[in-house]
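The structure appears right after this line, and notes come after that.
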Amino acid sequence: MHGRRKKDVISAADRAKEEKLVKAAFAATDQLIKQKQKRQEEAETDCTGKEAGGALQFTEKLLSANCEFVPGWNFRRGVLQTSLPHLPLRKDRLGLIESELSFLERLLPTQPKAYCLWYHRLWTLKLSFSLEKSKTDAVVTGEVGKRNGDGEGERKTAETDPSRDGDGDGDGDASAPTKESRLLVELELCRRFLARDSRNFHCWNHRQWVAAELHALGPESAARVEEADFSFTTTLIEENFSNYSAWHLRSVTDRLAVAVPWGQQTACTPGGNGNAVTPSEELD
């Protein structure tokens, strides 16, 4: 662009390495197509056990080499979506979710602006929350049935209560992260990536969704995220006065709207001298 090469002419050795990588990528794509066809022929039966593990290992290797390969992510989501709901123990489901989030956290630093990575992370979190919600709803249904005197309610409770997993260890809830704790982890993740690059709009969008989910949890969570917004935007603006995204977030934070009423701002106003500027003075 503008007469400048993106990269200098590569050497013969580097070209040979690239050709080798291209051949490996084509081979991996062919293997992905075969695995997908196999699942379609089997009517996408429950992908569990060795079959799911092998598919996840294969796509992990493929996507680690090229994290922007969309068909690979689509196939991986299909495997997760069919295998997760059928895992008998809650700790196994949580373990698979944690493994997926850790995998994404390893890839994000290599391509922090890859749409595929942020989308898949959002998808994984939503899947995790939907699974937990379905299990909670089932437990409530079972408890109601038990109070009504039917045996069906007690049986459903035993099947779906996380503290009564099939192995009888009763540790379903001991170390399970709550929705709020997961969202706070995401908030911290976004803080780290935006500290590296404050113009990463993929990360800003992800953070916006996380903040909205925290607000929906209740007043305490909403207050916590508003406090985080205030502290975070202060840090970003002090580092770069022209950070539009930080100023925008500040403008929509309810905490600031209450704490700093109109006409009492003393910085970044047309007055420019640290004095408060009233609406009439600004119009003048």
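The single condition from (1) at pLDDT 80 or above; (2) open to solvent by 20 Å² or more (accessible area, probe 1.4 Å); (3) not aliphatic (A, V, I, L, M) that LYS135 fails is (1).
Being open to solvent by less than 60 Å² (accessible area, probe 1.4 Å) and either closer than 25 Å to PHE201 by Cα or touching a Phe, Trp or Tyr at 6+ places or on another chain (Cβ under 7 Å) (or both) is a description that applies to PHE103.
Tally time: how many residues in region 19-29 are free of Cβ contacts under 8 Å to residues at least 24 places away in the same chain and open to solvent by less than 90 Å² (accessible area, probe 1.4 Å)?
First, pick out the residues of region 19-29 that are free of Cβ contacts under 8 Å to residues at least 24 places away in the same chain: 19-20, 22-23, 26-27.
Now drop any that are not open to solvent by less than 90 Å² (accessible area, probe 1.4 Å), which leaves 22, 27.
Residues that pass the stated criteria total 2.
Screening GLU188 on (1) at pLDDT 85 or above; (2) within 30 Å of LEU89 (Cβ to Cβ); (3) open to solvent by less than 60 Å² (accessible area, probe 1.4 Å) shows it passes everything except condition (3). Checked against (1) touching a Cys at 6+ places or on another chain (Cβ under 8 Å); (2) part of a helix (DSSP H, G or I); (3) at pLDDT 90 or above, LEU101 passes all but a single condition, namely (1).
Here is a yes/no grid of residues against (1) at positive phi; (2) modelled with pLDDT of 90 or more; (3) exposed (fewer than 11 other Cβ atoms within 10 Å of the Cβ):
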| residue | (1), (2), (3) |
| --- | --- |
| ALA174 | no, no, yes |
| TRP209 | no, yes, no |
| GLU226 | no, no, no |
| ASN240 | no, no, no |
| ASP254 | no, no, no |
| PRO279 | no, no, yes |
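Consider VAL258 carefully, then state whether it is over 26 Å from LEU117 (Cβ atoms), modelled with pLDDT under 85 and part of a helix (DSSP H, G or I). Spelling it out, VAL258 is indeed over 26 Å from LEU117 (Cβ atoms), modelled with pLDDT under 85 and part of a helix (DSSP H, G or I).
Quick check: anything in region 121-132 at pLDDT below 90, surrounded by fewer than 15 Cβ atoms within 10 Å (Cβ to Cβ) and over 23 Å from the mean Cα position of the chain (by Cα)? No, region 121-132 contains no residue that is at pLDDT below 90, surrounded by fewer than 15 Cβ atoms within 10 Å (Cβ to Cβ) and over 23 Å from the mean Cα position of the chain (by Cα). Every test in (1) of a type outside the set (Ser, Thr, Tyr); (2) farther than 16 Å from PHE193 by Cα; (3) in contact (Cβ under 8 Å) with a residue 24 or more places away in the chain is passed by ARG121 save one, and that test is (2). LYS36 - would you say it is surrounded by 15 or more Cβ atoms within 10 Å (Cβ to Cβ), basic (Lys, Arg) and modelled with pLDDT under 85? Here the answer is yes, as LYS36 does meet what is asked.
Exactly one residue out of SER231, SER198, SER221 is in a helix (DSSP H, G or I), closer than 26 Å to TRP123 by Cα, modelled with pLDDT of 85 or more and of a type in the set (Gly, Ala, Ser): that is SER221.
The values are calculated or read from the model by the stated rules, or taken from the named source; none is laboratory data. As the structure is a prediction and not an experimental result, all values here were calculated from the model. Cβ coordinates were reconstructed from backbone atoms using ideal geometry, including for glycine residues, and neighbour counts include every protein chain displayed. Protein only, heavy atoms only, side chains kept; ligands, DNA and RNA dropped before computing areas. Shrake-Rupley method; radii C 1.70, N 1.55, O 1.52, S 1.80 Å.
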